[in-house]
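Please read the structure below before turning to the comments.
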Amino acid sequence: MSEHRNDARPLQGKVALVTGASRGIGRAIALRLAQDGAAIAAVATQAERCADTVAECRAAGVRAEAFGVDVADHAGVSALVAQVQERLGGLDLLINNAGITRDQLLLRMSEADFDAVIAVNLKGAWNFIKAATRPLMKVRGRIINIASVVGLTGNAGQANYAAAKAGLIGLTRSVAKELAGRGVCVNAVAPGFIRTDMTAGLEGKAAEELLATIPLGRVGEADEIARAVAFLAGPGGDYVTGQTLVVDGGLSL
């Protein structure tokens, strides 16, 4: 680790667990927190999928380990959180980013597609919060849930996803009230349309129509979400809890 950077790193000595860390927003969050000095537990469905994320975080001069789990598996998540504490020496920050989509109009949406999205995007976050609450209370830690603007506005073809993200915002506010007395700040970040592997193929008329709905006239970058998370995870978030920080270029206005 570069010694001259240590004092300037606001998360030096902290341990951050980031779900969905293999790519996109989760990977950007893990790297940003690593640059701020946090050791990183990078979580995906298979640990090997986080190999690149771990390598990047280690290159930033911090400890980083990869972990694999189905976030909807309550027992598996509990075991993983214990492993993170053992291997990295504690837990200070929990970032619930893991999510899936199974988009379809309501009349065509299957029960399986609805259940899968709720299980991963909402119950998965609850599983990690449940498992991490006791260690986080000991250190006055932080929980940051990655929601979505569609949890605030709704979106045709995403009844399952919007319901899960709206639920995540409600979960954030409720847990914030429960844990405030123990010094744990709990917040959400609600991204708008962000450039990731899943959205990279959008082009032509579809891209033009999308940009027309965004007042700032461009899609967001994963690092812009990561910077919002870093703010809430660091000293700037000391007196912020129960809030949803919308980062969407004005899309939800």
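Read the figures in this text as sums done on the coordinates, not as results from a lab. Note that the coordinates shown come from a computational prediction; the quantities given were computed from them, not determined experimentally. A quick note on method: Cβ atoms are made from the backbone with ideal geometry, for glycine too, and the neighbour counts reach across all protein chains shown.
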### Task
Among (1) 18.5, 55; (2) 17.5, 54; (3) 17.5, 59, find the value of Rg and Dmax of the Cα atoms in Å that was calculated from the structure presented, and write down its label.
(3)
### Message
Given Cβ point charges of +1 (Lys, Arg) and -1 (Asp, Glu) and nothing else, what value in debye, to the nearest 20, does the dipole of the chain about its Cα centre take?
### Response
700 debye
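Could you work out the longest stretch of the chain that avoids the trypsin sites (Lys or Arg not before Pro) located in DSSP loops with at most 14 other Cβ atoms within 10 Å? Provide the component values of the computation, followed by the final result.
Values: sites that count: ARG140, ARG218.
No qualifying site falls inside 1-139, the longest such stretch.
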### Task
Determine one quarter of the surface area of the Cα convex hull of region 44-118, which equals its mean projected area, and express it in nm² to one decimal.
6.3 nm²
### Segment GLU111-ALA59, extension gain: residue separation times 0.36 nm, minus the distance between their alpha carbons
14.4 nm
### Task
Place +1 on the Cβ of every Lys and Arg and -1 on the Cβ of every Asp and Glu in the chain, take the dipole about the Cα centre, and give the residue among VAL62, ILE100, LEU11 whose Cα lies farthest towards its positive end.
LEU11
### Task
For every other residue with a beta carbon closer than 13 angstrom to the beta carbon of ALA47, add +1 if it is Lys or Arg and -1 if Asp or Glu, then tell me the sum.
-2
### Message
Give me the extension gain from GLU221 to ALA75: residue separation times 0.36 nm, minus the current Cα-Cα distance, reported in nm with one decimal.
### Response
49.2 nm
### Message
To check you understand DSSP bridge types, tell me what percent of the beta bridges within the chain (both residues inside) are antiparallel, rounded to 5.
### Response
0 percent
### Message
Going Cα to Cα from LYS165, which lysines come in below 23 Å? Please leave out same-chain ones fewer than 8 positions away.
### Response
LYS123, LYS130, LYS177
### Message
Among ALA82, ILE29, ALA207, which residue has its Cα furthest toward the positive end of the charge dipole of the chain, with +1 on Lys/Arg Cβ and -1 on Asp/Glu Cβ?
### Response
ALA82
## Note on the structure
Long-range share for region 121-253, i.e. C-alpha pairs more than 27 Å apart as a percent of all pairs, stands at 23 percent
